[in-house]
Amino acid sequence: MITIRLKPMGTKNRRKWRIVVSESHVSGSGRPIEELGSYNSLVNPPAVTIRKDRYEAWVQKGAKPSKTVKALLSHAH
(Lines give C-alpha, C1' and ligand atoms only; values in the text may rest on other atoms or scores of the structure.)
Protein backbone atom coordinates (compact mmCIF):
# COMPACT_ATOMS: atom_id res chain seq x y z
CA MET A 1 0.00 0.00 0.00
CA ILE A 2 1.21 3.51 -0.76
CA THR A 3 1.12 6.08 2.05
CA ILE A 4 1.74 9.81 2.36
CA ARG A 5 3.72 10.41 5.54
CA LEU A 6 6.50 12.36 7.21
CA LYS A 7 10.17 11.50 6.69
CA PRO A 8 12.57 12.74 9.40
CA MET A 9 15.46 14.96 8.36
CA GLY A 10 18.05 17.00 10.25
CA THR A 11 19.80 16.14 13.49
CA LYS A 12 18.63 15.09 16.91
CA ASN A 13 16.70 17.91 18.64
CA ARG A 14 16.77 19.94 15.38
CA ARG A 15 14.31 17.75 13.49
CA LYS A 16 12.67 18.84 10.27
CA TRP A 17 10.31 16.72 8.21
CA ARG A 18 9.59 16.06 4.55
CA ILE A 19 6.16 15.03 3.35
CA VAL A 20 6.73 12.04 1.08
CA VAL A 21 4.90 9.32 -0.81
CA SER A 22 6.29 5.86 -0.07
CA GLU A 23 5.43 2.20 0.24
CA SER A 24 4.00 1.41 3.67
CA HIS A 25 6.48 -1.43 4.31
CA VAL A 26 9.54 0.80 3.72
CA SER A 27 11.04 2.38 6.84
CA GLY A 28 10.39 6.05 7.55
CA SER A 29 13.92 6.99 6.53
CA GLY A 30 13.88 4.85 3.37
CA ARG A 31 13.82 6.08 -0.21
CA PRO A 32 10.50 7.76 -1.07
CA ILE A 33 8.61 7.55 -4.37
CA GLU A 34 8.10 11.34 -4.44
CA GLU A 35 8.62 14.31 -2.12
CA LEU A 36 5.56 16.53 -1.83
CA GLY A 37 6.61 19.18 0.66
CA SER A 38 8.12 19.93 4.04
CA TYR A 39 7.24 20.70 7.65
CA ASN A 40 9.43 22.73 10.00
CA SER A 41 8.26 22.90 13.60
CA LEU A 42 11.29 24.89 14.77
CA VAL A 43 10.03 28.25 13.48
CA ASN A 44 7.18 30.21 14.98
CA PRO A 45 4.56 29.62 13.58
CA PRO A 46 5.43 26.14 12.22
CA ALA A 47 5.98 26.20 8.45
CA VAL A 48 4.14 23.75 6.21
CA THR A 49 4.64 23.70 2.45
CA ILE A 50 3.06 21.14 0.15
CA ARG A 51 2.39 20.76 -3.56
CA LYS A 52 -1.37 20.28 -3.31
CA ASP A 53 -1.80 19.32 -6.96
CA ARG A 54 0.58 16.35 -6.54
CA TYR A 55 -1.01 15.46 -3.19
CA GLU A 56 -4.46 15.31 -4.80
CA ALA A 57 -3.10 13.23 -7.69
CA TRP A 58 -1.65 10.63 -5.28
CA VAL A 59 -4.85 10.48 -3.23
CA GLN A 60 -6.84 9.87 -6.42
CA LYS A 61 -4.45 7.01 -7.24
CA GLY A 62 -5.25 5.42 -3.86
CA ALA A 63 -2.47 6.68 -1.57
CA LYS A 64 -3.53 6.97 2.09
CA PRO A 65 -2.28 10.00 4.07
CA SER A 66 -1.26 9.49 7.70
CA LYS A 67 -3.23 11.19 10.47
CA THR A 68 -0.39 13.66 11.01
CA VAL A 69 -0.25 14.64 7.33
CA LYS A 70 -4.02 15.17 7.29
CA ALA A 71 -3.73 17.46 10.31
CA LEU A 72 -0.84 19.41 8.74
CA LEU A 73 -2.83 20.02 5.55
CA SER A 74 -5.28 22.13 7.51
CA HIS A 75 -2.33 24.47 8.34
CA ALA A 76 -0.81 24.60 4.83
CA HIS A 77 -1.18 27.80 2.83
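Residue-wise test of (1) of a type outside the set (Lys, Arg); (2) in contact (Cβ under 8 Å) with a residue 24 or more places away in the chain.
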{"position": "Lys7", "(1), (2)": "no, yes"}
{"position": "Ser22", "(1), (2)": "yes, no"}
{"position": "Val26", "(1), (2)": "yes, no"}
{"position": "Arg31", "(1), (2)": "no, no"}
{"position": "Asn40", "(1), (2)": "yes, yes"}
{"position": "Tyr55", "(1), (2)": "yes, yes"}
{"position": "Pro65", "(1), (2)": "yes, yes"}
{"position": "Val69", "(1), (2)": "yes, yes"}
Of the residues in the stretch 5-42, those that are more than 16 Å from Ala57 (Cα to Cα), open to solvent by 70 Å² or more (accessible area, probe 1.4 Å) and touching a Ser or Thr at 6+ places or on another chain (Cβ under 8 Å) number 5
So Ile2 ticks every box in (1) surrounded by 12 or more Cβ atoms within 10 Å (Cβ to Cβ); (2) at pLDDT below 90 but one. Which box is left unticked?
(2)
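The values are calculated or read from the model by the stated rules, or taken from the named source; none is laboratory data. From a predicted model like this one, the values you see are computed outputs, not experimental measurements. Because the Cβ atoms are built from the backbone with ideal geometry, glycine has one as well, and the counts that use them run over all protein chains shown. Surface accessibility is based on the protein's heavy atoms, side chains included, excluding ligands, DNA and RNA. Shrake-Rupley method; radii C 1.70, N 1.55, O 1.52, S 1.80 Å.
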